[in-house]
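Colleague: Take this structure, written in structure tokens, and hold onto it; I'll ask about it next.
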Amino acid sequence: MGAQHLAAEAEAAAEGWRGGGPPVPLVPPSLAPGTPRALAAAHSLLAPATLRAAVLRAPERIALRLGTATEGRDATLVARRLAEAGFCVCAAGLRGAVSASAAAEARALHRRGELRSKGFVRRGRRLPHDPTQRTDLCVMLGDEPCHPLHASTTALLAIDAAIERFARRVVERMARLTARQRRLMGGGPSGERLRYSGRGDMMVAVYPGGGSFHGAHIDNQDGDGREHDFGRVLTFIYYLNQDWKDEDGGALRIFLPSICAEHDPIARAAMAAGISPVVDILPELDTLAIFRADRVIHEVRPCPTRHRYAASVWVTCSGEC
Ligand SMILES: O=C(O)CCC(=O)C(=O)O
Ligand SMILES: [Fe+2]
């Protein structure tokens, strides 16, 4: 299946819920009936993703300094990059002590058995866990002091608060984008100016080696079943793994949306050959990946041995013309 086709599906899905009609179902492309992945998955729970992909060089990281006076300027850069490409990769610039403590907290949650299998959220409901689609283990953290995990996740919650502050700024900057940028990847489904409407609890996840993976999907393919806003529009993922190498696998693979990729000659050639242009992002400590939760197809490549930890926050938006 070509990238153009995938992206067209993604865009159709993003619009389906806006028009008030039934949401357009999106089978995770790597698991569509008859594809190699679907066949492999029938034989093994840990089959690696086999969607044909041309791996392009990842764009330069934006060096952020979360929680400092430069955050406003950083948010403007991120908003522009999101509008042009649908995703961006940042170095968050958090103090080493904070990121190292958060990584230790995530490992301790796993050791204590707090991380469990979960299904996808579709139309606002969590579906039963399906090990042919994802084999990560996760838990949602709450920031209220009475939450049972509150005392053991203070560094993770500090990162959660920093991401929320930054996310609010990014959405504010996205609302200032031009109409053209908003129609690309910077606005609502009909190019509306985005407005921050909320966020979910932070999710801490581990891919515990053994080929664990998360098949190709869009986080919010159906508006999350919400009437009053667009549901999740941005995904923020902060990675918690020191010295992650190519050979450790586990890259976050982003499928370039076709309307963004067509300006790149290599991506265009790949699409013409029916191959998806993708970029792979290594889940290295302090890397912050940000992408459109409602439009960008992505997957987690299989993790053969190392345990891979990440903390994700989803931001919901409404829109205004
Ligand atoms: O951890 C990642 O890199 C991505 C995970 C993901 O796509 C998800 O949980 O929806
Ligand atoms: Fe996802």
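Colleague: For the range 277-303, which positions are of a type outside the set (A, V, I, L, M), within 16 Å of ligand 1 (Cβ to nearest atom) and more than 30 Å from ARG195 (Cβ to Cβ)?
Modeller: ASP280, PRO283, GLU284, ARG301, PRO302, CYS303
Colleague: Right, here's the next one. Restricting to the range 33-56, count the residues that are among the small types (Gly, Ala, Ser), at pLDDT 50 or above and surrounded by 13 or more Cβ atoms within 10 Å (Cβ to Cβ).
Modeller: The number of residues fulfilling the criteria is 2.
Colleague: Pairs please, first residue from the range 308-321 and more than 13 Å from MET203 (Cβ to Cβ), second anywhere and aromatic (Phe, Trp, Tyr) and surrounded by 22 or more Cβ atoms within 10 Å (Cβ to Cβ), Cβ atoms under 6 Å, 6+ apart in sequence or on different chains.
Modeller: Going by the 6 Å Cβ cut-off, the qualifying pairs are ARG308/TYR207; CYS317/PHE230.
Colleague: Sort out which residues of the range 133-158 are over 9 Å from VAL204 (Cβ atoms) and in contact (Cβ under 8 Å) with a residue 60 or more places away in the chain, and write them in order of number.
Modeller: Answer for the range 133-158, where residues must be over 9 Å from VAL204 (Cβ atoms) and in contact (Cβ under 8 Å) with a residue 60 or more places away in the chain: GLN133, ARG134, THR135, ASP136, LEU137, ALA158.
Colleague: Another question about this same structure. In the range 239-268, which residues are small (Gly, Ala, Ser) and in contact (Cβ under 8 Å) with a residue 60 or more places away in the chain?
Modeller: Correct list: SER258, ALA261, ALA267.
Colleague: Also: If we only count strands (runs of 3 or more DSSP E) wholly inside the range 230-299, which ones have 1 or more residues that are more than 16 Å from ligand 2 (Cβ to nearest atom)?
Modeller: Fully inside the range 230-299 and qualifying: 276-281.
Colleague: When you check ALA273 against the structure, is it farther than 26 Å from ARG122 by Cβ, surrounded by fewer than 17 Cβ atoms within 10 Å (Cβ to Cβ) and either among the β-branched types (Val, Ile, Thr) or out of contact with any Leu (no Cβ under 7 Å at 6 or more places or on another chain) (or both), yes or no?
Modeller: Criteria met by ALA273.
Colleague: Would you check which residues across the range 207-229 are assigned to a strand (DSSP E or B) and more than 15 Å from ligand 2 (Cβ to nearest atom) and list them?
Modeller: Matches in the range 207-229: PRO208 only.
Colleague: Go through (1) under 19 Å from GLY249 (Cα atoms); (2) surrounded by 24 or more Cβ atoms within 10 Å (Cβ to Cβ); (3) of a type in the set (A, V, I, L, M, F, W, C) one by one and return the number of the condition ALA293 breaks.
Modeller: (1)
Colleague: Here's another thing I want to ask about it. Return the residues of the range 304-321 that are in a loop (DSSP other than H, G, I, E, B) and either within 12 Å of ligand 1 (Cβ to nearest atom) or more than 21 Å from ALA102 (Cβ to Cβ) (or both); say none if nothing qualifies.
Modeller: Passing the criteria: PRO304, THR305, CYS321.
Colleague: Looking only at the range 216-260, which residues are out of contact with any Ser or Thr (no Cβ under 9 Å at 6 or more places or on another chain), of a type in the set (Gly, Ala, Ser) and at negative phi?
Modeller: ALA251, SER258
Colleague: Next up: Pick from SER190, SER197: which is outside any strand (DSSP E or B) and of a type in the set (Ser, Thr, Tyr)?
Modeller: Of SER190, SER197, the one residue that is outside any strand (DSSP E or B) and of a type in the set (Ser, Thr, Tyr) is SER190.
Colleague: For the subset of the range 300-321 comprising residues that are more than 21 Å from MET140 (Cβ to Cβ) and within 16 Å of ligand 2 (Cβ to nearest atom), which member is surrounded by the fewest Cβ atoms within 10 Å (Cβ to Cβ)?
Modeller: Across the range 300-321, the extreme among qualifying residues is PRO302.
The values are calculated or read from the model by the stated rules, or taken from the named source; none is laboratory data. Predicted model, so just to flag it, every value in this text is computed and none were measured. Because the Cβ atoms are built from the backbone with ideal geometry, glycine has one as well, and the counts that use them run over all protein chains shown.
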